[in-house]
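The values are calculated or read from the model by the stated rules, or taken from the named source; none is laboratory data. Given the structure is predicted, the values throughout are model-derived calculations rather than measurements. Please note: Cβ atoms are built from the backbone with ideal geometry, for glycine as well, and neighbour counts cover all protein chains shown. These accessible areas exclude ligands, DNA and RNA; they are computed on the full protein's heavy atoms, side chains included. Shrake-Rupley method; radii C 1.70, N 1.55, O 1.52, S 1.80 Å.
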Amino acid sequence: MLGGIEAGGTKCVVAVADDDLSIIAQATIPTTAPVETFASILSFFEQAQNDHGSGLTAIGVASFGPVGVDPASSSYGEILETPKLAWRGVSYQDRLSHFGVPVVVDTDVNGAALAEQIFAATEVSDTLAYVTVGTGIGVGVVQAGKLLSGFSHFEMGHILPRRAEGDTFEGLCPSHDDCLEGLASGPAIKARWGQSLSDLSADHPAHDIEADYLAQLVHSITLMHAPHKIVLGGGVMKAEGLIERIRAKAERYLAGYMKHAALDTGLQNYITKPKLGDKSGIIGALALARASDAGE
Ligand code: ZN
């Protein structure tokens, strides 16, 4: 039985699943003080082991960041410079050592990318990029079932876009001011227009400005990774009509420069919403556990 934890800033989703990633039991636990949150997580897994008469074989964690994701580093599985001070330095490995099974830790967006690659990609060998646009902007890339990374997980949400026409907002990233996240995350939209994108009327210029920035991200991801599919998830993407605007603008930015069947038909099959909806995160955590189980 696989264990999974999707650890978010306000809540953690925990689940146990079969080897085919079908969920057997699931619960939601508020993210409060680490001691309290881990006590609830441990009791969920113990209960699940008792109820289903089988032990955990591995635990996968898809965590809010920044988090150490390099298994060769001493900070692997440790929460790094998060604004949630009580969680700084918290180690998933230590807190979950009770079960004596491998604990695999990656970012929430990488977890979601892995889950979408398993369930939404046409071919196992396909490269898929998953983008979340919410409180922050993050991108995970999976190539033939493996998550790509360097000395750290990628931080493509912080690329520097070209200014959208008519946008004079200074940006709110504490590190870069007007990087992509500083201009196009959920909090940037609220700071600029006082409302979320879904609450602004369809003819408000916010929709075109937001779509412009996200189309620039799609353009960059396409040039850098040539994926077969880009999945756009997160709260901001729930705004009506946004994905259509992004497709139209991205097609203009791409300008036919790169050619592949994946890019045909107006990017309809290239830029999509998550096939797993809001379940990408927890299924991603379980997929991380499964990958370790297989000795990968
Ligand atoms: Zn930034």
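Across the chain, C-alpha contacts under 8 Å between residues 6 or more apart give a mean separation that, scaled by the residue count, equals a relative contact order of 22 percent.
Using the 1.4 Å probe convention, the accessible area of the chain works out to 45 Å² per residue with neighbouring protein chains retained.
Less than 5 angstrom separates the built amide H of Ala58 from those of Gly3, all sequence-distant by 5 or more or on a different chain. Size estimate for the range 1-140 follows the Kirkwood approach: the inverse of mean 1/r over distinct Cα pairs works out to 15.7 Å.
Decide, for the range 88-179, between rounded, prolate and oblate: order the square roots of the alpha carbon gyration tensor eigenvalues as a ≥ b ≥ c, take rounded if a/c falls under 1.5, and otherwise choose prolate if a/b is larger than b/c, else oblate. Oblate shape, in that a/c is at least 1.5 and b/c is the bigger or equal ratio.
Annotation: lysines with alpha-carbon distance below 20 angstrom to Lys146 (same-chain offsets under eight excluded): Lys229, Lys275, Lys279. Taking all protein chains as shown and a probe of 1.4 angstrom, Val90 keeps an accessible surface of around 10 Å².
Ignoring lysines fewer than eight residues from Lys190 along the same chain, the ones with Cα atoms less than 16 angstrom from its Cα are Lys238.
Put the Cα centre of the range 106-156 next to the Cα centre of the range 171-197 and the gap is 23 Å. Sparsely packed loop sites in the range 190-296 (the chymotrypsin sites (Phe, Trp or Tyr not before Pro) outside DSSP H, G, I, E and B with at most 12 other Cβ atoms within 10 Å) comprise Tyr257.
With contacts taken as Cα pairs under 8 Å and at least 6 residues apart, the range 121-273 reaches a relative contact order of 25 percent. Largest to smallest in accessible area, the residues Ser74, Ser63 fall in the order Ser74, Ser63 (1.4 Å probe, all protein chains included).
Taking only the alpha carbons of the chain, we obtain Rg and Dmax values of 19.3, 61 Å in that order. Only Lys, Arg, Asp and Glu carry charge here, each on its Cβ (+1 for the first two, -1 for the last two); on that basis the range 14-94 has a dipole of about 300 debye about its Cα centre.
Mind running the shape call on the range 151-269? Use the C-alpha gyration tensor, a ≥ b ≥ c as the square roots of the eigenvalues: rounded below 1.5 for a/c, prolate if a/b tops b/c, oblate otherwise. Cα axes put the range 151-269 in the oblate bin. Sites listed here are trypsin sites (Lys or Arg not before Pro) in the range 196-296 whose DSSP assignment is loop and whose Cβ has at most 11 other Cβ atoms within 10 Å: Lys259.
Ordered from largest to smallest accessible area (heavy atoms of protein chains, 1.4 Å probe), the residues Thr10, Thr222 come out as Thr10, Thr222.
Among residues other than Thr265 with Cβ under 14 Å from its Cβ, the summed charge is 0 (Lys and Arg +1, Asp and Glu -1). If you roll a 1.4 angstrom probe over the protein chains with everything in place, what fraction of the accessible area of the chain belongs to carbon and sulfur, to the nearest %? Ligands and nucleic acids excluded, carbon and sulfur reach 51 percent.
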